[in-house]
Each structure stands twice: as structure tokens, then as C-alpha cells.
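Notes to accompany the following structure.
Throughout, read-outs are computed from the coordinates displayed, never taken from laboratory work. The structure displayed is predicted, hence computed values, not measured ones. So basically every Cβ, Gly included, is an ideal-geometry build from the backbone, and we count neighbours across all protein chains shown.
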Amino acid sequence: MRVIGGTLKGRRIVPPKGITARPTTDYAKEGLFNILQHSTVLEGIRVLDLFAGAGGISLEFISRGAAEVVSVEQDNALIGHMKKYGEQFSAANWRVVKTDVFRHLQTDRSQYDLIFADPPFSMDNVAELPGLLRAQGLLAPDGLLIVEHTKNTNLSTDPWFDVCRTYGNIQFSFLSPKHEKA
């Protein structure tokens, strides 16, 4: 794994051995950030990274100038891993939160410009995530929600759905209150 753009471009991130998390491939990450680079201002934004895993997506946002990144993960090894890289890369604007994502969603009162969610592919209720985020008001009115999933998940019926992009076995659904359907 590596950071593919920004101030940390080229830095390697080696996930801990024996983890069950599935880091986003460099190919998919590159495709995602090519889209974001041409459609979204990344500098100065507030990002919430749910199911943060090894922190590759979080570091990508930090590298590209995000003002704050909050990464939520419950695995101890991955928490330690992210904190290590946060220190190594002097990422003072990166906050790593050790908790269950759904518990975090019930207590977080912040509002974010971009929310990225990469739930386990085996999770049954992935399609419920946009509704939970909507109910909690965590996404800014002009914000962007990106959900990473497999082709077995269909978010196209969500009122915020805009588009889905495929990179190999990975899909990214882009959702936003700006695209709300009546």
C-alpha cells in the first residue's frame, strides 16, 4: 500500500500482519482520487473515515490537504498501526477513534464535508448506512458520502445516490444531499 498523491505521495504503508481488514487497492484508490481531484475541493475539508482499517484512505485525504480526518475503527492492531503512521507522518490533524462504527454514529455530533465508508464486504446492512448518516445529520448539506462495496450491494435507490464507479471487484457509490430525490 502507498499514498498515491499529495504531500505524502509515494510513502509506503505496511498493514499489520494477520489482520482481517481488506485495504482498498492502489488501483481503486487511484481511480477514486482521480474522480475527487476533478470534482471536489479536498483542501481544508473535514473527513470522517468509517471502518478505517489500515488508514490508507485517511492518509490520502491528509496528504491532499484535509483540515481534519477522523478515522473510526475497532480493531486494536489497526488502531495502533494508524497512530504509528500518524506520528511518523506528523499528521496532527488525524484523530483515530477506537470504537464500533455504529456506536460512533450515535454519539458523533460533528458535521463533515466528506464521509467515506468501507464496511466489511460481508456486512449485511451496508445499504442502511446512508440512512443512518442522514438521520444523524453528520454530512454537511453540500457534502459527499462515498461507500465502498461489492457489486452485491446496490445503493442506487437511496435518495442521495448520484453515481457508482467500478474498479475491478470494488465499487464506489457517491451520494450527496445535493442529489436528493423527492
> Given DSSP loops and a limit of at most 14 other Cβ atoms within 10 Å, what is the longest stretch of the chain that contains no such GluC sites (Glu not before Pro)?
Replying inline: 44-179
> Using modelled amide H (1.01 Å from N, peptide plane; none on Pro or chain starts), what sits under 5 Å from the amide H of I115, excluding residues fewer than 5 places away?
Replying inline: L48, L144, L145, I146
> Amide H neighbours of Y167 under 5 Å, counting only residues 5+ apart in sequence or on other chains, H built in-plane at 1.01 Å?
Replying inline: F172
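Could you grab the relative contact order for region 36-136? Cα pairs under 8 Å, six or more apart, rounded to a whole percent.
Working: 147 pairs, mean separation 31.3, N = 101.
Dividing the mean separation by the residue count of region 36-136 yields 31 percent.
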> Along region 41-47, what does the Karplus equation 6.51 cos²θ - 1.76 cosθ + 1.60 (θ = phi - 60°) give for ³J(HN,Hα), rounded to whole Hz, x for Gly and Pro?
Replying inline: 7, 9, 6, x, 8, 9, 10
> With θ set to phi - 60° and the Karplus curve 6.51 cos²θ - 1.76 cosθ + 1.60, what are the ³J(HN,Hα) couplings of region 128-145 in order, to the nearest whole Hz, using x for Gly and Pro?
Replying inline: 7, 4, x, x, 5, 5, 4, 4, 7, x, 7, 9, 4, x, 10, x, 10, 10
> Using modelled backbone amide H atoms (1.01 Å from N, in-plane), which distant-in-sequence or interchain residues come within less than 5 Å of T99's amide H?
Replying inline: E73, Q74
> Quick one: L59, L32, fewest Cβ neighbours within 10 Å first, how do they rank?
Replying inline: L32, L59
> Helix 76-88: angle to the longest alpha-carbon principal axis of the chain, degrees 0 to 90, nearest 10?
Replying inline: 70
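Ranking request for peptides 109-117, 164-172: highest mean number of other beta-carbon atoms within 10 Å first, then the rest in descending order.
Values: 109-117: 19.1, 164-172: 15.7.
My ranking of the peptides, most packed first, is 109-117, 164-172.
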> Does region 27-182 classify as rounded, prolate or oblate by the C-alpha gyration tensor (a ≥ b ≥ c root eigenvalues; a/c under 1.5 gives rounded; else a/b over b/c gives prolate, otherwise oblate)?
Replying inline: rounded
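Fewest first, what order do V101, V72 take by the number of other Cβ atoms within 10 Å? Kindly include the intermediate steps, with their values, before the conclusion.
Numbers: V101 19, V72 24.
With the fewest neighbours first, V101, V72 line up as V101, V72.
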> Roughly speaking, what is the stretch gain from T20 to T99, that is 0.36 nm per residue apart minus the C-alpha to C-alpha distance, in nm to one decimal?
Replying inline: 26.8 nm
